[in-house]
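Shown next, in structure tokens, is the structure this report addresses.
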Amino acid sequence: VEEEEVLSSLEATLLTIFLSIIIIMTVFGNLLVMVALCKDRHLRKTKTNYFIVSLAFADLLVALVVMPLAAIELTTGRWQYGKIFCLVRTSLDVLLTTASILHLCCIALDRYYAICCQPLVYRHKMTPVRVAVMLSGCWLIPTFISFLPIMQSWNAIGIEDIERRVLRGGPNDTSCVFLVNWPYALICSAVAFYIPLALMVLAYQRIYVTAMTHVRQIEMLQRAGSSSSEQSPVSNSHMRVETKAAKTLAVIMGCFCLCWAPFFITNVVDPFIHYTVPWQLWTAWLWLGYINSGLNPFLYAFLNRAFRRAFLVILCCGDERYTRQGSCSYGHTQGACSAASVNGTSMARSRCHPRAH
């Protein structure tokens, strides 16, 4: 028995250290993004960065509010804060994680308009008012699937007997179990994951096609000998940038799907198999989703040269060398071509010839 207790204590210690590292890294990364935008006026000139900093705020709240409570419950094996706070904690969990996912969707749509449309179309579509409306939607829409139904127990309609049976397993109501009926599971999963996923796939697919089209155009120009020897390195550079942009999109979508797809697939399936998914699997999928909040700063900000420079200025206490470096990092280019950024990877968008209509 003592051996089992020591092993259990060792496991709890290792788990606490692991979860603490995840939480600290998530807080640090997202806080750095927010401080960078506040201190660097150049970052505030780009509309996309407002989505990124709002995303960072949502992920920061996930790390400060949701993750610690989940970590305490997981490492101690009990919920110590009562039924009402259990509902509040669950509502915050759904609200903040959904807000984070909706921000990712808005960033994808913003990049689609910036890269796949003419510059005038982008300026017409992404006005400051529209950006404010989209940001407001990212925070308001999740309330309709979090606090409103959960505090009213709409998620438990029709499964009260199952919920009581599950809760009876925890001594003296020391469990914070969140069971959902199939209508709530389908609606919540659609709003929080499947609809944003579909929009992201469509947006990034169009961006990928645009990148590959540019690569083929540059290759054709090179083969036709229409580039001079002085321009050839520039064309090669643009081709490398386009290819890197496409790879960046694959990484973004891959991380998003890897982190959240297991949870939301399980969330939809569980009510139809009589809630037989083991709690260990639920916990693993949920924390995999939480980890996405720690990855977002690296995918959407750390890959961006302008943000990286701002981070160096902050971490190096305002060293002038980083303030002077890379004046073109913010996407200002000279000559016939402009650049649009896919989370920091610029894509050359040619203005040298008109588009076919």
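I'd like to check something: does the stretch 92-99 contain any residue that is in a helix (DSSP H, G or I) and in contact with a Gly (Cβ under 7 Å, 6 or more places away or on another chain)?
yes
Please enumerate the residues belonging to the stretch 126-169 that are outside any helix (DSSP H, G or I) and surrounded by fewer than 11 Cβ atoms within 10 Å (Cβ to Cβ). I'd like the intermediate steps shown before the answer.
Let us first name the residues in the stretch 126-169 that are outside any helix (DSSP H, G or I), namely 126-127, 145-146, 152-153, 157-159, 168-169.
Arg168, Gly169 - these are the residues of the stretch 126-169 that are outside any helix (DSSP H, G or I) and surrounded by fewer than 11 Cβ atoms within 10 Å (Cβ to Cβ).
Of these, Ile101, Ile84, which one is out of contact with any helix residue (DSSP H, G or I) (no Cβ under 8 Å at 6 or more places or on another chain) and of a type outside the set (Phe, Trp, Tyr)?
So the residue among Ile101, Ile84 that is out of contact with any helix residue (DSSP H, G or I) (no Cβ under 8 Å at 6 or more places or on another chain) and of a type outside the set (Phe, Trp, Tyr) is Ile84.
Between Val27, Val35, which is part of a helix (DSSP H, G or I), in contact with a helix residue (DSSP H, G or I) (Cβ under 8 Å, 6 or more places away or on another chain), at pLDDT below 95 and among the hydrophobic types (A, V, I, L, M, F, W, C)?
Numbers: Val27 fails: at pLDDT below 95.
After applying the criteria, what remains is Val35.
Residues that are surrounded by 13 or more Cβ atoms within 10 Å (Cβ to Cβ) and at pLDDT below 85, at least 2 per element: which helices (runs of 4 or more DSSP H) completely within the stretch 274-357 meet that?
Helices (runs of 4 or more DSSP H) meeting the threshold: 320-324.
Conditions (1) crowded, with 22+ Cβ neighbours inside 10 Å; (2) touching a Ser or Thr at 6+ places or on another chain (Cβ under 7 Å); (3) hydroxyl-bearing (Ser, Thr, Tyr), marked per residue:
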| site | (1), (2), (3) |
| --- | --- |
| Ile52 | yes, no, no |
| Phe57 | no, no, no |
| Trp79 | no, yes, no |
| Cys86 | no, no, no |
| Leu96 | yes, no, no |
| His103 | yes, yes, no |
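For the list (1) within 18 Å of Ala185 (Cα to Cα); (2) crowded, with 18+ Cβ neighbours inside 10 Å, I need the number of the one condition that Val66 fails.
Condition not satisfied by Val66: (1).
The values are calculated or read from the model by the stated rules, or taken from the named source; none is laboratory data. Note that the structure is a prediction, hence the values are computed from the model and not measured. With ideal geometry, Cβ positions are generated from the backbone for all residues, glycine too; neighbour counts draw on all protein chains shown.
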